[in-house]
Amino acid sequence: MAEDVFDIVGTTQGGAFRVDDVVAEGGFAVIYRAYHGAFRSNVALKCLKVPRALSEQEQKEFLESFREEAELLFRLSSATPSVVRPLQVGTLTMKDRRFVPFIALEWLEGRTLDTLVHERLREGQPPLGLKAAVKLLTPVADALYRAHRFPTPNGGFVSIVHRDLKPENIFIANVHGRETAKVLDFGIAKVKTVTTEMVGRQSAAQSNISAFTPAYGAPEQWLPKRFGQTGPWTDVYGLAMTLVEVLVGQSPMEGDHAAMMGSAIDTERRPTPRTEGVDVPDAAEAAFRRALAVDPKQRFHDISEFWNALATSVGLPGIAVDRGASVPPPAQDRTVLAPAAEVPDLVPSGRRPPQRGPASAPRHSPQGAPGAQTAPLQGPASRTPAEKDPNALFGHSFDFDDGGERGPRIELGTGRVRRDGIELDAPGTNRARMPSAAAFPVAAPAFVERPSRKMDLGGPLKLVGLAVLLMAGDWAYAAFTGEVLHFGPARMLWLAGPILALGVFQLFRGFVADGE
């Protein structure tokens with residue numbers, strides 16, 4: 001029997017739930033059986049193991065996110081009976097005032113899918129065949145399909161993604177004498193993600209918090225910067241992995257985290273039924289191979305396509321589909337986070353086309369000064385594109401997508417530089433100060449003062465500043481989107497490196513010239 005981690009057996013929680021005993025314990029939660037006095041019915045009390053490191057403000061934010069997820073779960077369970085129904089969200093009353101959120105769920109009689117798989121193995125029975133497994137889990141596929149196309153009050157659709165599908169989160173319930181599969185923990189995976197972000201990776205690891213279960217994690221959950229965001233395609237992967245375990249009798253992914261991640265992103269060997277020694281029809285094997293593709297863009301984006309391909313291969317009816325609502329494909333560039341109250345998942349957003357700067361204007365020397373290396377006048381009409389817009393050097397302005405609103409623009413700061421007696425505004429302004437007419441040698445060449453041999457350091461400093469800007473832009477882009485910014489085949493950092501080296505080299509030459 002699981003341990004009473006929170007020491008609440010025999011107490012009344014939430015004003016109505018008499019806690020009777022412990023049912024199960026996992027890395028993120030403990031489940032208790034409680035009795036609702038008013039309804040005279042049992043309920044499942046799922047109590048979360050939230051780290052003690054959360055501040056009071058973080059606790060409030062966590063609880064609010066948890067309530068929003070429970071609200072969506074309630075609406076989803078109202079639309080499909082294959083999703084377990086939530087009844088209440090709150091926090092436990094603890095003697096030490098510890099923060100322990102809980103969610104009360106409908107009580108189900110039965111067993112989880114992993115228990116079913118292990119019982120058959122223990123009793124010497126063969127694993128379920130593909131036809132029996134598809135028939136058993138069709139309600140799960142239907143629930144996921146509905147969640148990925150969940151209607152909103154304004155007539156649109158949002159995509160509610162589970163993100164942690166596995167046999168432990170599928171319950172085979174006995175309902176009126178019939179076995180039916182129900183999905184558990186919708187929304188809990190995102191709550192795990194929120195907690196992980198709050199306490200940090202190291203603290204989260206020490207607290208056994210994981211936003212996904214490694215043995216069933218899709219490549220984009222392991223390496224989001226390489227494979228992009230999670231979405232309905234992530235649930236396709238999770239359901240396919242779950243079904244493979246049912247067919248094989250054990251998880252196809254085993255070992256430590258590094259080994260499981262290596263297997264998850266191995267393009268040469270995918271954990272399909274035939275790879276694991278199970279004979280299935282050709283059409284089913286092809287469907288599994290696509291559902292378990294490493295690259296999300298090559299995967300099924302619609303779970304009904306995967307499931308109906310399997311059902312057709314074994315002569316079963318699939319799930320009814322509504323083609324009026326489409327699931328967006330994985331974003332290839334950047335993503336924005338929509339408000340959790342409306343859309344709980346990351347929604348793909350298109351990349352803005354690059355903003356091209358004007359063509360570069362040639363630099364020239366003033367008339368009457370042949371051979372004089374005098375800086376050009378820096379008035380509004382004579383500025384080079386890179387000085388009008390420092391980002392125009394590469395034809396891009398770096399704007400961050402802020403959910404449709406124009407975000408902050410990265411520009412070089414302003415300052416003053418002196419060049420041949422002329423005080424100029426640095427890039428970002430368009431004014432030039434001319435102290436006197438003597439600053440511009442326009443008389444005969446005989447009266448022109450020879451320019452200094454010392455190298456102007458303004459250009460090298462600009463190169464160094466631009467390189468630093470590009471590095472900051474690369475870091476900011478990765479921090480905002482979780483992806484790496486590319487210009488064609490090249491990363492921004494690859495461009496910043498040569499520019500920085502050139503600037504440092506020219507600075508060195510300038511210092512040498514000053515020393516002569």
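The values are calculated or read from the model by the stated rules, or taken from the named source; none is laboratory data. Just so it is clear, the model here is predicted, and its values are computed rather than measured. Note that each Cβ is placed from the backbone with ideal geometry, even for glycine, and that neighbours are counted across all protein chains shown. Accessible surface is based on the protein model in full, side chains and every heavy atom, while ligands, DNA and RNA are left aside. Shrake-Rupley method; radii C 1.70, N 1.55, O 1.52, S 1.80 Å.
Listed here are the residues, each with its yes/no results for (1) closer than 24 Å to D164 by Cα; (2) of a type outside the set (S, T, N, Q); (3) over 28 Å from the mean Cα position of the chain (by Cα).
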residue: V22; (1), (2), (3): yes, yes, yes
residue: R33; (1), (2), (3): yes, yes, yes
residue: G37; (1), (2), (3): no, yes, yes
residue: S41; (1), (2), (3): no, no, yes
residue: E71; (1), (2), (3): yes, yes, no
residue: S82; (1), (2), (3): yes, no, no
Q. Any residue in segment 313-325 that is at pLDDT below 95 and within 25 Å of the chain's Cα centre (by Cα)?
A. yes
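Yes/no matrix, rows are residues, columns are (1) farther than 21 Å from F212 by Cβ; (2) open to solvent by 10 Å² or more (accessible area, probe 1.4 Å):
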residue: T12; (1), (2): yes, yes
residue: R18; (1), (2): yes, yes
residue: A24; (1), (2): no, yes
residue: N42; (1), (2): yes, yes
residue: F62; (1), (2): no, no
residue: E71; (1), (2): yes, yes
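Yes/no matrix, rows are residues, columns are (1) open to solvent by 20 Å² or more (accessible area, probe 1.4 Å); (2) closer than 18 Å to N169 by Cβ; (3) modelled with pLDDT of 90 or more; (4) not in a helix (DSSP H, G or I):
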position: R226; (1), (2), (3), (4): yes, no, yes, no
position: T234; (1), (2), (3), (4): no, yes, yes, no
position: A240; (1), (2), (3), (4): no, yes, yes, no
position: E254; (1), (2), (3), (4): yes, no, no, yes
position: G262; (1), (2), (3), (4): yes, no, yes, no
position: E268; (1), (2), (3), (4): yes, no, yes, yes
position: R274; (1), (2), (3), (4): yes, no, yes, yes
Q) Could you list, in sequence order, the residues of segment 102-135 that are within 20 Å of E245 (Cα to Cα), within 30 Å of the chain's Cα centre (by Cα) and part of a strand (DSSP E or B)? A) T112
Q) So which residues in segment 242-252 are within 19 Å of R163 (Cα to Cα) and open to solvent by 20 Å² or more (accessible area, probe 1.4 Å), if there are any at all? A) S251, P252
Q.
Can you report the number of residues in segment 149-177 which are open to solvent by 20 Å² or more (accessible area, probe 1.4 Å) and part of a helix (DSSP H, G or I)?
A. 1
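Looking at P139, is it in a loop (DSSP other than H, G, I, E, B), open to solvent by 30 Å² or more (accessible area, probe 1.4 Å), within 30 Å of D279 (Cα to Cα) and modelled with pLDDT of 80 or more?
Values: in a loop (DSSP other than H, G, I, E, B): no; open to solvent by 30 Å² or more (accessible area, probe 1.4 Å): yes; within 30 Å of D279 (Cα to Cα): yes; modelled with pLDDT of 80 or more: yes.
Taking the combined requirement at face value, the residue does not satisfy it.
Hey, which of the strands (runs of 3 or more DSSP E) in segment 1-101, taking only ones fully inside, have at least 2 residues that are polar (S, T, N, Q), under 20 Å from L184 (Cβ atoms) and modelled with pLDDT of 85 or more?
Details: elements: 17-25, 29-36, 41-48, 86-91.
So the answer is 41-48.
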Q | Checking S78 against (1) crowded, with 18+ Cβ neighbours inside 10 Å; (2) closer than 24 Å to H148 by Cα, the condition it does not meet | A | (1)
